[in-house]
Each structure stands twice: as C-alpha cells, then as structure tokens.
Amino acid sequence: MSLEKRVKQMLLANPDPGKIKKGISLVLLKIFLTPAGRFGTRAFGSRSEKKLSLILYNHARRIFKSPHSSVFISLFGPIELVHAFNLLPFSLEMLSAVAASMSLAPDLLARAEKEWLSSDFCSFHRTYIELARTGLLPKPLFCMATSHTCDGTFKSFSQVSEYFSTPLIFFDTPYHLDMNAVKYLARQIESAVHTIEEITGRSLQVSDLERAFQNSNRARKALLDINNLKRHHTPLIYGEESLLFVLVIGSLLGSRAGASLYKAYMEELKKRADARFNKINGKKRILWLHLKPFFPNTLMKYLERDLGAVIVAEEINSVYWEELNIHNPWESLAKKLMSNLWVGSIEKRLNYIRRTIEDYQIDGVIHFSHWGCRQSNGAVRLIKDTVMEYGIPFLNLDGDCIDSRNYSEAQYITRLEGFMEILG
Amino acid sequence: MITAGIDIGSVSTEMVVLKEGVLYHSIVMDTGPNSKSAVEKVFSTACIETGLKSGDFDFIVTTGYGRKSTGIGHKTVTELSCHARGAWHLNNDVRMVIDIGGQDSKVIKVSEEGKSLDFLMNEKCAAGTGRFLEVMARALEVSIEELGEIAVSGEGSVEISSMCTVFAESEVVSLIAEGHSKAIIIRGLMNSIASRITGMVHRVGMSPPLMLTGGVAKNRGVIRALEEKLGSSILVPANPQIIGAIGAALIAMDECC
C-alpha cells in the first residue's frame, strides 16, 4: 500500500488533529530540505515556488498548533480584520481544496451524503462540513462568513459553527456597490470588531490594524506588478502554479507572510523577464476563468506542457479592489468585499474579460464551471458571447473542483485537444 | 500516395484507406474490450483485404476515444476535427455536424474550409448516445437494427420523461407493463434523444446545413425525430460510421503534402 493511501486511511479511521499537526511538521521539514533548483529541473523550479509551499504548510501547522487563535473564514472574507487581531484566519474552502489534493474528498463526500447533505450542494461546502464533523479539524476560536460570493456559505458555516459550538460572525453583503450599501456593510464590519473584542477579551490596536492594511496593500501592489509582468512578456510562469495563489488570497492577505510571498514571486518573475526567459513554450495565450480541479489530475499540465498553450491570466488573481485606507477602515474593507468580480452584476466579470483579452493578447478563453456553482456557471452564455466578440474560441469545461468521482480524464483531454485544434 | 484514418470508438473501430485522395477501402469492426488490439486487428485486416503492407502507408492518423492507445499511426487528431473534415469533404456546404456515437454525442460547427469552429460534447452520461438505444432495445426485446424501422412505421408516441439511461429503462419497462405498443414507446425514446441533441445544437448555434454522422445515423427513427425537433432536414451520408475515419485519412493526406 502506498504511503499516501496509508496516511489517508489513518486520517479517516482515526482523525486526530494532534497527529495532523505532526504530519504537517514532517511535510514542512521535507519541503525545507528539498532544493529549489533551476526552472524545470527540481521538485521546486524556483525559490518562490518553494516559499509558497513553506508558507502555506506553516500557516496550516500554526492553526493545528494554536486552534484557540484560529478563525475559519469563507473565501474572500475580510481576513485583514482577523490578522489585525493577531489571529490565524483559514479559508474553509481552501481546506476542502487541500483535502481534495490529498484524495480525501471522495470519502468525505460519501460520508456527507449520509448526513443529509444533498449532492446538489457545492462540494467545497460539503467537504469542509464533513472535515469538521469527522474531527479532522481542531475547534477554532470562531467562524466568520460572508454572503458576497456565495449564498450557500451562510448555511454551511452555520453547520460548522454549530458543530464546534463556536460563535459565527456573518456579513450580509449587498448586491450593488453604492454609498448606502458600503455604509451598511461597514456598520456590520465595525460591529464585528466589537464582537471579536468580546470573544478575545482584547481591544483592537490601531497599530495592528495599520500593519494588517499595510501588508494587504503591499501584497496587492506585488500582485499588480506580477500581473503586469505577465501581461507584457512571453510566458514567465505556468498558470497551474499561478492558480495556487488563491490559497494565499484565502488566508494570508494582511499577513507579513502573504506580502513577502507575492514580493518573492514578483522579484522572481522580474528576474525571468530581464533575462528574456523562454523556457515555457506556450504558443497560445489562455485566459482561465474561475477555479481549477484541485484533486490529483494531469489536466493543467497536459494543457500547458503538451498542448502548447499557457495560461497567462487568471480571473482569480485579478486585482479588483482599491488600496485599503486606514483613515476609513471599515468602508474601505466593505468596498474591497463588494468589488469582487463575482458579486453583483455580471457586467463586472464581462468587463474584466474584455479588458484582459485586449491587454494580455489572449488567444483563447477557458471557463471551468464548477458543479452547482451558480455565480460561476450561471452566466456562461453571456461570457461565451463576450469572448466571441473578439473572434477567439471559448471552451466551457463542466466539472467539479473537489469531487473526482465524476471525472473522466479522457473526456476532458478530448475537449482540450479539440479546443487547441480550433486555436490552430 | 496512400493514407489512412483509424477511428477508435467505444463501440466500433473504423479504418479508411485513401489512394491519391480517393476512397480505396473501408472497414468497420467492434472495438471490444481492448482498443489496442482492435486497432491491430482492423489494420491487419485492411492489409490482407487490400494487399497493402504497413510500409505502403505514407501517413496514418488515429482518432476517437482510443486514439492514443495504439502502436499504429503518425499523429492523433480529435474526432471533433475529423468529423468536421470528413463531413465537409462529402458536402462542402455542411456547416454543422451532429455525431452520435456509442458513448458520447457531439455537435460541431464547421468552417467554410472544413475545420472545427466550435463544439459541444454531452456531459459524462449516456443519455442521447448509442448506448442509450442499446439499453432500450434490450428492454424492449428488439434488435438495435429493428428500432429505427419500427419507429418510422407509424405515428404517435409516449413521453419518456427521464434523461437518465437507468431511469428511462425502468420507465420503458413500466410502459410495456401498462400495455403501450413497442412502436410508440420507441418513438418516445427517439424523441427523447432528439430533444437532448436539439438542445446541444442550439447551444452551439444552429447553422444549417446539418449532417448526422456516427453509428446512430443509421437509425431512421432518430433522423426523423431530429428533423422534426430541429425543423430542418438533415443530410445523412451513405455510410455514416466511417466519416470520422475519412476525416482522419484526409488530415493524414494534408500532412503528406
């Protein structure tokens, strides 16, 4: 039996957060000892890629080490606020992605079905509910969720917080970005600050909030620079690696680690650009919309290594928000949440797509439609029509980011190859 | 110049040999459980029947579900491009191909040059494919060949509401028990396939003239139901099963020039 299978069986048969913490420490040690060689030669093609793994695993280790300081938060929630309290936010959706990457998700989803979780419900949500219920996660200090990208979040976070008997802070995010809506959300954020002060017994220090905002703004600036480098050069990084940035966005915006990671990537890509890097032979420039499958699969590798396409822009890495403003912190955070491309009118996404096709010299667009995700696949027809305005091909891949049980690699490969044949 | 196209589908494997661009020989065989041996078998049969040796082929393109699992061939091309090319070759006016195979169905928009412009494949499910018909034929205790003839022998149908092959099969069993005739149940099944395919056609964007390819195109009942739902006549080639292989052999010819 492979080591991976043994670990999986052990985790499911005897879930123990203490053992998981030890396991993560061992993985960290292994990552630390793995050399970061030259591009394409070692397990890590660059120091920034190694740093990404180190930072993410270390963040996970800290949550298992200090659960009383950890906060389970929904993706794109106001994590700067949690960092300002010196607490450890962790996106539950991204924990589902980690479970999928470890091939734990099919078992967890099968268990979820026994617990009246409909298979029509998003697999990200089903998986993290089951991660909590199975005892694979430690009890956090509290949970925090927003309705801004997904209405189902409130329902699933209610179950997680009920299971752990922890408080749940919930933000009702309005649909349209106008001053009244910003003020409505800002009031909720301000009230959340008082709730967290009550939970922790500590007052929020202005200097801590300032530091979290600075870190978030530094990360934002570095991500903008990364995107600009990708826009103006021949491919500098595989999209498969860039799409992992969502793990950072989900948990580390506002932390020093998050800012330094983006900076490291920015410097790495700048170095590659200056050296006229040409080791990625992507002939066709692809815009990738929404997320990707997180379970073990060869889809992205096949697209980027074998089919001669490379993802040069990812919707998930777009910098859609303005700098956070410490002089008006709550409204500033509210605006950031509401600027998300997936909130409100579809025109926001369509405008992003138009801008990116023009700015990044895009040859083709791929949309990954995650099962049951209305904010992603609800408007595929409009997205397709928008892409067609530019006379470039569009491929919609219906699939599931977490659940591998319905995944047939051959079917996806035919779609990708057919798409590349159209691209020529 | 001799080129060949081999289309390895989930149910059948076809090989087409072109001599100076003209159809020289074609073979249709069951794929069976092992697609690699199916390719070897179809290739050796073609050699025996034509007297050609493997060295005589200038270029071979493999396509279809099993296109990669072969030791034979110089290049693989998806069945999407091959069906577009094959159908366009038979009729340069064709702008849309509906390919209903054993395991999946596809709608392909074709350019003025016979290339694939856009496509849609059915989602991981047997509804609207040859497999769906096979299962239903078994439930109705008629042969797959008889299905089409029975369907066009009269009028009227019952509604089959389930898209799922397994549910539709139990629905068929219930309809038989209720005393409905086989003919009207079969017409209901044809309508069910046609509805599904029509939805796909409109998603890609209806662009006639349309050609129906793949093994299911031999079924006259499906053709009639599709024409009714689409409100358009459909071109059906004499040997619809080999269109993918013809396209592959033509693409092989392009590679030689």
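On a straight-distance basis, which aspartates and glutamates could pair with B:Lys75 in a cross-link, Cα separation under 15 angstrom, same-chain partners fewer than 8 positions away excluded?
A:Asp306, A:Glu417, A:Glu421, B:Asp7, B:Asp58, B:Asp254, B:Glu255
Within the set A:Lys221/A:Lys271; A:Lys51/A:Lys336; A:Lys230/A:Lys292; A:Lys19/A:Lys155; B:Lys106/B:Lys218; A:Lys114/A:Lys155, which residue pairs have Cα atoms separated by over 21 Å?
From A:Lys221/A:Lys271; A:Lys51/A:Lys336; A:Lys230/A:Lys292; A:Lys19/A:Lys155; B:Lys106/B:Lys218; A:Lys114/A:Lys155, over 21 Å: A:Lys51/A:Lys336; A:Lys19/A:Lys155.
With a 10 Å Cβ neighbour count serving as the proxy for reagent exposure, in which order, fewest first, do B:Met211, B:Met200 appear?
Least to most surrounded, the residues fall as B:Met200, B:Met211.
Calculate the mean, over all residues of peptide A:391-401, of how many other protein chain Cβ atoms lie within 10 angstrom of the residue's Cβ.
Per residue, the average neighbour count from other chains is 1.
Per residue of chain B, what 222 nm ellipticity follows from adding -39500 (n - 2.57) for every DSSP H run with n ≥ 4, rounded to the nearest 500?
When only DSSP H runs of four or more count, the value is -13500 deg cm²/dmol.
Where nothing but the Cβ of Lys and Arg (+1) and of Asp and Glu (-1) is charged, how large is the charge dipole of the protein assembly as shown around its Cα centre, in debye to the nearest 20?
2880
DSSP loop GluC sites (Glu not before Pro) in the stretch B:70-147 with at most 13 other Cβ atoms within 10 Å of their Cβ, which ones?
Sparse-neighbourhood loop GluC sites (Glu not before Pro): B:Glu112, B:Glu113, B:Glu123, B:Glu141.
Looking at the calculated P(r) for the stretch A:82-121, what percent of the C-alpha pair distances fall above 11 Å?
Everything past 11 Å amounts to 70 percent.
Counting other C-beta atoms within 10 Å, which of B:Trp88, A:Trp371 has the fewest, and how do the rest follow?
A:Trp371, B:Trp88
Could you work out the mean count of beta carbons from other protein chains within 10 Å of each residue's beta carbon in A:411-423?
6
Let me check against my output: what whole-number percent is the relative contact order of chain B, with C-alpha pairs under 8 Å and at least 6 apart?
The value is 25 percent.
Working from Cα positions, state the angle (0 to 90°, nearest 10) between the long axis of helix B:165-177 and the longest principal axis of chain B.
So the inclination is approximately 40 degrees.
Between the stretch B:212-230 and the stretch A:228-250, what's the alpha-carbon centroid distance in Å?
46
Hey, what's the per residue convex hull volume over the C-alpha atoms of the stretch A:3-202, in cubic angstrom?
148
In degrees, nearest 10, range 0 to 90: what is the angle between the Cα axis of helix B:220-230 and the longest Cα principal axis of chain B?
80
Need one number: % antiparallel among DSSP beta bridges in the protein assembly as shown, to the nearest 5.
Looking only at bridges with both residues in the protein assembly as shown, the antiparallel portion is about 40 percent.
For the stretch A:307-373, what does the equivalent ellipsoid look like in terms of its semi-axes, each the square root of 5 times an eigenvalue of the Cα gyration tensor, given largest first in whole Å?
Computed over the stretch A:307-373, the values are 28, 15, 11 Å.
For peptide B:68-80, compute the average count of partner chain beta-carbon atoms within 10 Å of each residue's beta-carbon.
Whole-number average of other-chain Cβ neighbours for B:68-80 is 2.
Can you put A:Phe124, A:Phe368 in order, fewest other beta carbons within 10 Å first?
A:Phe368, A:Phe124
Using Cα pairs under 8 angstrom and six or more residues apart, how large is the relative contact order of chain A, in percent?
That works out to 17 percent.
Per residue of chain A, what 222 nm ellipticity follows from adding -39500 (n - 2.57) for every DSSP H run with n ≥ 4, rounded to the nearest 500?
Result for chain A, helices only: -17000 deg cm²/dmol.
Measure nothing but the geometry: give the 0 to 90° angle between the long axis through the Cα atoms of B:182-204 and the longest principal axis through the Cα atoms of chain B, rounded to 10°.
So the helix axis and the longest Cα principal axis differ by about 60 degrees.
If you build the convex hull over the alpha carbons only and average its shadow over all orientations, what do you get for the protein assembly as shown? Give it in nm² to one decimal.
Mean orientational projected area (the protein assembly as shown, Cα hull): 33.2 nm².
In square nanometres, what is one fourth of the surface area of the convex hull spanned by the alpha carbons of the stretch A:348-424?
5.5
Please list, short to long, the whole-number percent of alpha-carbon pairs of chain B in consecutive 10 angstrom bins beginning at zero.
Once binned at 10 Å, the Cα pair distances of chain B give 8, 32, 32, 20, 7, 1, 0.
Over the stretch A:121-193, calculate the relative contact order: mean separation of alpha carbon pairs under 8 Å at least 6 apart, over the residue count, as a percent.
About 29 percent, as a whole number.
Considering the dipole of the protein assembly as shown built from charges on the beta carbon (Lys and Arg +1, Asp and Glu -1) around the Cα centre, which of B:His83, A:Ser216, B:Thr62 is farthest to its positive end?
A:Ser216
Quick one: Kirkwood hydrodynamic radius for the stretch A:287-424, alpha-carbon pairs, angstrom, one decimal?
16.2 Å is the Kirkwood radius here.
No value in this document is a laboratory result; all are computed from the given coordinates. What you are looking at is a predicted structure, and each value in this text was computed from that prediction instead of being measured. Ideal geometry is used to build each Cβ from the backbone, glycine not excepted, and the neighbour counts take in all protein chains shown.
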